[in-house]
Amino acid sequence: MSAENSGERTRLACGRWRPRHRELLLLRLPALPAEFTPIPLADVLRAANDLVSAGLIKDYALGGALAAIYYTEPITTYDADIIFVASDKTLSAGIPAIYSHLQSKGWRVEREHLLIGDFPVQFLAASGLTEEAVREARPVQYEDVPAKVFRPEYIIAIAATVGRHKDFARIEQILDQVKIDKALLDDILRRYNLKLLNK
């Protein structure tokens, strides 16, 4: 199944992925069977750590919807976004080497995604705001795997730059459910000339 089709036919019914919460679950629609398959998040994070150890990337953090789920109630998503600081500063940002390395570990390529099993992952080179978000990301442990996740203030700011309906919904959810460092958020928005709909 392609990443495109998995996006149309498969959604992740996600519990918060902190260890004290229930495990992330893969829920196939529309049949809604009783069987669930765990998201291989630990494997994704191990692979990202391996890319750092191999010198293919300098640093990374989990972004996107799975980063938001770290702080909020479950939402629907279908992939993971790994935002990385490139070791290779050429136009390709080292993407070909990253793909080659992960394919050698059994990952498959489908369009813009790399698949671990049937789970799609995007590796996105950081710049500007997203690079700052990686540098300032929160260290976490998931199933004894060290990782980093975007802080909620940066998730909000990045969502504001994208501006889709689901991004504004994400902003609203985080502001409603998470204790935000308002001074930090205001500073980020000011420096990157961003505004929220309600500001």
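The values are calculated or read from the model by the stated rules, or taken from the named source; none is laboratory data. Computed from a predicted structure; not experimentally measured. Cβ atoms come from the backbone with ideal geometry, glycine included; neighbour counts cover every protein chain shown.
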Selection status of Gln103, outside any loop (DSSP other than H, G, I, E, B), of a type in the set (S, T, N, Q) and touching a residue at least 12 places away in the same chain (Cβ under 8 Å): no
Consider the range 136-163. How many of its residues are in a helix (DSSP H, G or I) and either under 15 Å from the mean Cα position of the chain (by Cα) or surrounded by 16 or more Cβ atoms within 10 Å (Cβ to Cβ) (or both)? 10
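Here is a yes/no grid of residues against (1) over 14 Å from Ala65 (Cα atoms); (2) in a loop (DSSP other than H, G, I, E, B):
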residue: Asp167; (1), (2): no, no
residue: Ile174; (1), (2): no, no
residue: Lys179; (1), (2): yes, yes
residue: Asp187; (1), (2): yes, no
Is it true that some residue in the range 59-81 is within 29 Å of Val178 (Cβ to Cβ), at pLDDT 95 or above and β-branched (Val, Ile, Thr)? no
Could you check Ile39 against (1) modelled with pLDDT of 95 or more; (2) surrounded by 14 or more Cβ atoms within 10 Å (Cβ to Cβ); (3) of a type outside the set (S, T, N, Q) and say which number it fails? (1)
